[in-house]
Structures are given as structure tokens and as C-alpha cells.
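The values are calculated or read from the model by the stated rules, or taken from the named source; none is laboratory data. Since we're looking at a predicted model, the values are computed, not measured. Using ideal geometry, Cβ is built from the backbone for each residue, glycine included, and neighbour counts are taken over all protein chains shown. Surface accessibility is based on the protein's heavy atoms, side chains included, excluding ligands, DNA and RNA. Shrake-Rupley method; radii C 1.70, N 1.55, O 1.52, S 1.80 Å.
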Amino acid sequence: MSEGVIIGGWNYVIAAYAITGAGLVGYVWSLIARLRKSHNREED
Amino acid sequence: MSQRMTRIHIFGLVGLLMLLVGSFMGLFLAPQERYMGDVQRIMYVHLPTAWNGMLCYTFAFGFAIASIWQHKPKWDALTVGAIEVGVLLNALLLIQGSIWARPTWGVWWDWDVRLTTSLIMLLLFAGVLALRSFVQDPERRAVWTAIATLVAFVDVPLVYFCVRWWRSLHQVQSTPETVSAGMVWPLRINSIALLLLVIWMVAQRARLELIRRRNEQVDEPAKMAPVGGLENV
Amino acid sequence: MRMISQAWAVVRKDLLLEWRGRSRIISVLLFGVVTLLLFSFAVGPDSVLLKAAAGGFLVLALLLSSTLGLSESFRVEQEQRAIEGLLLLPVDPVALYYGKCLSNTLFLMLLAPVLTPVALFFYNVNLDLTGFLTLFGLWTLAAAGLSAPGTLYAAMTSRLQSQDVLLPLLLFPLVIPVLMGSVKSVTLVLTGDPMSQIQSWTLLLASFAIIYWSLCGLLFPHAIEEGT
């Protein structure tokens with residue numbers, strides 16, 4: 001058990017939020033791109 | 001159909017907005033935790049990711065049962081949607097957990113029970129997606145995906161217990177989770193936000209799968225499952 | 001019961017084929033020995049380290065060898081297109097599954113009596129008769145646990161070109177409870193068990209086997225049906 005205060009560590013917090021955000025955005029982007037591609041194929 | 005489409009997009013938008021609000025609250029408004037300081041703020045994304053990831057896999061389990069019960073394309077589409085989003089959240093969970101572990105325990109990886117179980121779950125469900133990519137026939141693909149999902153999901157509690165017993169022989173570092181009133185709200189908001197986003201993403205992925213399946217059938221209209229069609233698989 | 005006699009017929013056929021093609025099981029055993037050797041080289045000749053890891057190495061060698069055995073178990077059917085033959089005969093798919101599962105378990109059980117003495121020899125571990133029998137019992141449970149999902153996935157992947165990758169990829173994460181349960185209990189047998197932990201691990205192995213023998217038997221007919 002860690003006693004005492006962890007000072008700072010904002011870098012880690014930002015990294016965690018940023019990677020999560022990037023992951024979600026990236027996946028949504030890929031979904032939309034794949035949907036568009038499939039739609040175009042459907043119309044052919 | 002387009003009315004239903006617009007309704008589902010609302011899930012996505014509201015989810016996104018709530019996630020921004022909840023994260024803002026968690027980052028800047030919530031009080032500092034006693035022992036972990038600001039590092040604890042990672043929990044406001046980590047816990048919602050964990051809960052929603054597990055929820056996705058549970059949805060997948062339900063959809064897989066439906067898929068075997070009723071061989072309808074929509075169940076397979078929903079299964080793969082739930083698994084893919086689940087795998088995404090699972091991967092994010094491991095990254096978040098590792099980032100959290102470094103300042104807290106001083107190591108990037110600690111064989112923590114939940115993270116280790118999470119890693120094994122990632123391998124299990126990514127494996128289902130891998131299996132899928134090798135099967136051409138859509139009906140067989142649907143049944144096999146469902147089978148692999150059921151087999152994988154049933155393993156999860158077994159894996160959890162075995163990792164726990166494996167760890168219990170060593171010193172267990174527990175997560176000090178002191179949750180004060182100011183922390184509850186960002187947590188709740190982010191959890192619901194992520195759930196709404198998940199619903200949107202799974203729906204879109206399912207839609208993609210249905211379109212793809214229709215395209216497949218258009219491409220090969222004469223393709224019925226031949227008897228003994230082992231070379232076609 | 002007809003299903004039991006059908007299952008037994010499958011087992012007898014497989015055992016007969018195994019006996020006729022003895023070179024296969026001998027090759028798998030040799031593979032197991034080579035694996036044990038490679039693990040030793042990876043860790044170095046420090047005998048204390050080797051002794052402590054002996055249980056783990058033995059189980060890993062058995063697991064890797066088992067994948068070879070499992071992937072072969074449906075290859076015979078695949079090559080001769082015999083699986084359609086089996087399906088055309090009034091063989092209940094569930095009986096087929098349990099028959100295959102049993103023959104795979106027996107095959108895996110054959111590996112232990114050979115690889116265990118080799119491991120004990122390399123890693124300089126002494127064991128009395130009770131220990132040997134306990135190990136054999138543990139390995140039987142583990143073999144049963146491995147065979148259940150192994151047979152199901154072997155049947156599915158035997159129809160795909162990439163079976164050699166997919167079968168281990170699907171199976172290895174799945175059988176981690178069996179792996180851990182066997183490693184822990186084998187190590188406890190080899191190095192002593194002051195706190196009687198072996199019961200929990202044995203319980204885990206037994207639970208895994210029971211759960212998966214039931215579940216995979218239910219799912220197997222769906223896995224091999226031809227179209228809808």
C-alpha cells in the first residue's frame with residue numbers, strides 16, 4: 001500500500017486521457033471510413 | 001430506416017458531449033485524492049472503460065446465443081460489433097492501467113489480478129476476430145463466431161479465479177479507492193457517456209457488417225454451401 | 001445406450017489408426033523431449049533454477065506437444081474426406097465429439113509417462129511412487145481439460161488453411177486455467193506442499209474439464225453442420 005502523497009503525475013493523467021481519446025476517435029474514424037467504402041461498393 | 005438512423009446518432013452525440021463534460025469535471029473540478037494525488041484522476045476514464053468493456057463482452061455473449069438459436073444475419077452483425085468494440089475498450093484499459101501503474105507502483109506491469117485477467121480476455125476475444133477473418137462462408141462464419149464467443153466468455157470467470165489464486169501467494173497490492181462525494185459525479189457521467197458511445201459504435205459496426213454481407217451475396221450469387229465444400233472454406 | 005457405443009466405436013477406430021501409424025506418436029514424444037531441452041538451454045545450467053521451474057517446463061512441453069496431437073486428430077478425416085463419411089452414417093455428432101475427445105485425452109495421457117521421467121532426469125528431481133501416481137492423475141485431469149475445447153477447435157480449424165496458426169492462437173489463452181492449475185499442482189508435488197494448496201488447483205482443473213466437456217459437446221454439432 002502506498003502511503004504518502006504522489007506529487008505531480010499530470011503527465012500520466014494527460015497521457016491516459018489522450019490515448020483513450022485517440023483510440024476512440026481513431027475507431028470511430030475507421031468505422032465511418034469503412035461504412036463509406038461499403039456504401040460505395042453497394043451502389044456499384 | 002432513416003428515422004432510426006438519426007435516433008441512433010443521438011446516442012453518439014450525447015455520449016460524446018457527456019464524455020467531454022465528465023472528463024472536464026474529473027480533471028479540473030473533482031477533489032484531489034488523499035494518497036494518489038492527481039494520478040487518481042485516471043480513474044475517471046479507467047473505471048468506465050473497464051465496466052463498459054465487460055458490458056460489451058456480455059452483450060456479445062447474449063448476441064452469440066441468439067446467433068446460434070436463430071441463424072439471422074443481424075445477430076451475427078451485433079455479435080461482431082460487440083466484440084470489436086469490446087476489444088477496443090479492452091486494449092485501452094490495459095494501456096490506461098499501465099500508465100496508472102507506473103507512478104503508483106513504480107512498474108509498468110505488475111501482474112495485477114484484474115489487469116492480467118483483462119490481458120487474457122483481450123487475447124481470447126481478439127482470437128475470435130482472427131478466426132472470423134479466415135472463414136469465407138457467411139453462415140459458417142456466423143456460427144463459428146458464436147461458438148468461439150461462448151467458449152471464450154465461459155472461460156473468463158475461470159481465468160479470473162485462477163489468476164487470483166496464482167497471485168494470492170504473493171503480496172497483493174490493492175488499489176486504494178477512496179471515493180469522496182465530489183468524485184462520484186464525474187464517474188457516473190463518464191460511465192453513462194461511454195455506454196451511449198458504445199451503443200452507437202456497436203450499432204454502426206453491426207450496420208457495416210450487414211452491408212458487407214449483402215455485398216458478399218451480390219458478388220457470388222451462385223454460392224450455396226456445397227456439400228463437402230471443404231475447398232471453398 | 002447407443003450414443004455410448006457410437007462414441008466407443010470412434011475411440012476404437014482412432015486408437016487402431018494411432019497404433020498403425022505409431023511413428024506419429026513417437027514423433028510427438030520426441031518433440032516433447034526437444035522442447036524440454038530447449039527450455040533448459042533458455043534458463044541455463046543453474047540447477048536450482050531448473051529444479052524450481054521443472055514443473056512449469058514439463059507442463060509447457062506437454063501443452064505444446066498436445067497441440068500437435070490435436071491438430072492431427074482431424075487431419076486424418078480431412079485427408080480422406082472421411083468426415084462426410086462419418087456424418088453420412090447415422091453417427092450422432094455428439095457421440096462423434098465425445099469419442100474424439102476421449103481418444104485425444106488418451107493420446108495426451110500417453111505423453112506424460114514418457115516426458116515426466118525425462119524432465120525429472122534433466123532437472124534432477126527425485127520422486128517416489130506416490131508422487132508419480134499423483135502426477136499421472138493430475139495430468140489426466142489436465143489432458144481432459146485440454147481435449148474438450150481442443151477437439152472442438154481442431155474440428156473447426158481443420159477446414160481452414162491456417163489451422164497451424166489458428167488452433168494454438170485460439171486454444172492457448174483459453175486453457176490458461178489448465179496450464180496454471182497443472183503447473184502449480186505439479187510443482188507442489190515436486191517441491192512439497194506445506195500448506196495443502198494442491199486441492200484448490202485440482203478443483204480448478206476438474207471444474208474446467210467438467211464445464212468444457214459439457215459446453216463443447218453441446219456446441220460441436222453446430223460447428224460441423226453443413227450450411228443451414
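Tell me, which residues of segment C:172-208 get at least 40 Å² less accessible area when the other protein chains come in, versus the chain alone (1.4 Å probe)?
C:Pro173, C:Leu174, C:Ile176, C:Pro177, C:Met180, C:Lys184, C:Trp201, C:Leu204
Let me know the whole percent of all Cα-Cα pairs from chain B that are separated by more than 34 Å.
The calculated P(r) of chain B puts 26 percent of pairs beyond 34 Å.
How many percent of the accessible area of the protein assembly as shown is carbon or sulfur, using a 1.4 Å probe?
On the protein assembly as shown, the fraction of accessible area on carbon and sulfur atoms equals 68 percent.
What residues does segment B:203-218 have that are buried by at least 10 Å² of accessible area in the full protein assembly compared to the chain on its own, 1.4 angstrom probe?
Buried by 10 Å² or more upon assembly, which counts only protein chains, are B:Gln204, B:Arg205, B:Arg207, B:Leu208, B:Ile211, B:Arg212, B:Arg214, B:Asn215.
Chain pair A, B: how much accessible area is buried, both chains summed, with a 1.4 Å probe, in Å² to 100?
That pair hides around 3200 Å² of surface in total.
Let me check against my output: what whole-number percent is the relative contact order of chain C, with C-alpha pairs under 8 Å and at least 6 apart?
With pairs under 8 Å counted, the relative contact order is 27 percent.
Sort C:6-13, B:86-93, A:27-34 for me by packing, meaning the mean count of neighbouring Cβ atoms within 10 Å per residue, highest on top.
So the order, starting with the most tightly packed, is B:86-93, C:6-13, A:27-34.
How large is the accessible surface per residue of the protein assembly as shown, computed with a 1.4 Å probe and reported in Å² as a whole number?
47
Checking the cross-link filter: which lysines have an alpha carbon closer than 27 Å to that of B:Lys72, excluding same-chain neighbours under 8 positions apart?
A:Lys37, B:Lys223
Can you list the lysines whose alpha carbon is less than 17 Å from that of C:Lys184, not counting same-chain residues fewer than 8 positions off?
C:Lys51
In Å² (nearest 100), what accessible area is buried between C and B, both sides summed, heavy protein atoms only, 1.4 Å probe?
3300
Relative to the compact globular guide of 2.2 N^0.38 Å, what is the alpha carbon radius of gyration of segment C:121-228, as a ratio?
1.29
Once the Cα gyration tensor of the protein assembly as shown is found, what semi-axes does its equivalent ellipsoid get, as square roots of 5 times the eigenvalues, in whole Å, sorted largest first?
Three semi-axes, in Å: 41, 35, 17.
List the lysines whose Cα sits under 22 Å from the Cα of C:Lys13, skipping any in the same chain fewer than 8 residues away.
C:Lys100
Using the C-alpha gyration tensor of chain C, what are the square roots of 5 times its eigenvalues, in whole angstrom, with the largest one first?
Working from the Cα gyration tensor, I get semi-axes of 32, 18, 15 Å.
Residues in segment C:184-215 near a label at C:Phe132, defined as backbone nitrogen under 20 Å from the 7 Å Cα→Cβ point?
Output list for this probe position: C:186-192.
With the solvent-accessible surface defined on protein heavy atoms using a 1.4 Å probe, which residues belonging to segment B:151-167 display a reduction of at least 40 Å² in accessible area in the multichain context relative to the isolated chain?
B:Val151, B:Val154, B:Asp155, B:Leu158, B:Cys162, B:Trp165, B:Trp166
Modelled label-to-label distance, C:Trp19 and B:Trp108, 7 Å Cα→beta-carbon offset: nm?
For C:Trp19 paired with B:Trp108, the spin-label model returns 5.5 nm.
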